[in-house]
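Beneath this line is the structure, given in structure tokens, with notes to follow.
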Amino acid sequence: GHMDFVTLGRITFDSGKWQLGDAAQHALDAMAAYLAANPGAQRLLLEGHTDRVGGTRYNDTLSEERAAAVKGYLIGVGVDPRLIHWRGFGKRAPTDENWNPHGRGRNRQVELFAVYR
């Protein structure tokens, strides 16, 4: 069947960090509210990313910690854990340029997608 992917947004992180700041928590609250108001999602995809600073294994772990932090927060505000699928891409799948600080900042993120049938 046809699947609709809804981009809920991105949560960005400070360099080398996986902890969620206030802005990230407010954004996740809004995403959880969207999911509550639009039930029926088949899956919630959390895709963790890093910039290119540091080694591959370090960034793989960091991207997984970022996705896991987002997952834990969403479960804490009532999102069904069975919906959540998460993955860390490390620095292998950047969504922005890595050659300037702005692009690197946008790569330090978890992207969230809801999948509706």
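The values are calculated or read from the model by the stated rules, or taken from the named source; none is laboratory data. Small disclaimer: the values here were computed from a predicted structure and weren't measured. Heads up: the accessible areas ignore ligands, DNA and RNA and are worked out on the full protein's heavy atoms, side chains in. Shrake-Rupley method; radii C 1.70, N 1.55, O 1.52, S 1.80 Å.
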Which one of GLU47, GLU65, GLU97 has the biggest mean-square fluctuation once the chain is modelled by GNM with Cα springs under 10 Å?
-> GLU97
Over the chain, what is the mean sequence separation of C-alpha contacts under 8 Å (at least six apart), divided by residue count, expressed as relative contact order in percent?
-> 45
Roughly how many percent of the accessible protein surface of the chain is carbon and sulfur, given a 1.4 Å probe and a whole-percent answer?
-> 52
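If DNA, RNA and ligands are ignored and the probe is 1.4 Å, what is the ranking of ASP51, ASP96 by accessible area, most exposed first?
Values: ASP51 10, ASP96 40 Å².
Putting ASP51, ASP96 in descending order of accessible area: ASP96, ASP51.
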Among LEU83, LEU45, LEU28, the residue with the largest mean-square fluctuation in a Gaussian network model of the chain built from Cα contacts under 10 Å is LEU83
Calculating Rg/Rh (Cα atoms, Kirkwood Rh) from this structure picks out, from (i) 1.04; (ii) 0.98; (iii) 0.92, entry (ii)
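Report the gain in length on full extension from ARG43 to ARG92: 0.36 nm times residue separation, minus Cα-Cα distance, nm rounded to one decimal.
Details: separation 49, 0.36 × 49 = 17.64 nm, distance 2.32 nm.
My answer for the length gained is 15.3 nm.
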Pick from VAL79, VAL53, VAL70: which is most flexible by mean-square fluctuation in a GNM of the chain where alpha carbon atoms under 10 Å apart are linked?
-> VAL53
Extension gain THR61-ALA33, at 0.36 nm per residue separation less the Cα-Cα distance, in nm?
-> 7.2 nm
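When ligands, DNA and RNA are left out and all protein chains stay put, how many square angstrom of accessible area per residue does the chain have with a 1.4 Å probe? Please report the intermediate quantities before stating the final value.
Numbers: 6470 Å² over 117 residues.
On a per-residue basis, the chain sits at 55 Å².
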Can you give the calculated 222 nm mean residue ellipticity of the chain, where each DSSP H run of n ≥ 4 adds -39,500 (n - 2.57) and the sum is split over every residue, rounded to the nearest 500 deg cm²/dmol?
-> -12500 deg cm²/dmol
On a 0 to 90 degree scale, rounded to 10, what angle separates helix 22-37 from the longest Cα axis of the chain?
-> 30
Might you work out the accessible area of LYS71 for me, using a 1.4 Å probe with all protein chains in place, and round it to the nearest 10 Å²?
-> 60
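If DNA, RNA and ligands are ignored and the probe is 1.4 Å, what is the ranking of ARG92, ARG43, ARG117 by accessible area, most exposed first?
Values: ARG92 145, ARG43 80, ARG117 170 Å².
These residues rank, largest area first, as ARG117, ARG92, ARG43.
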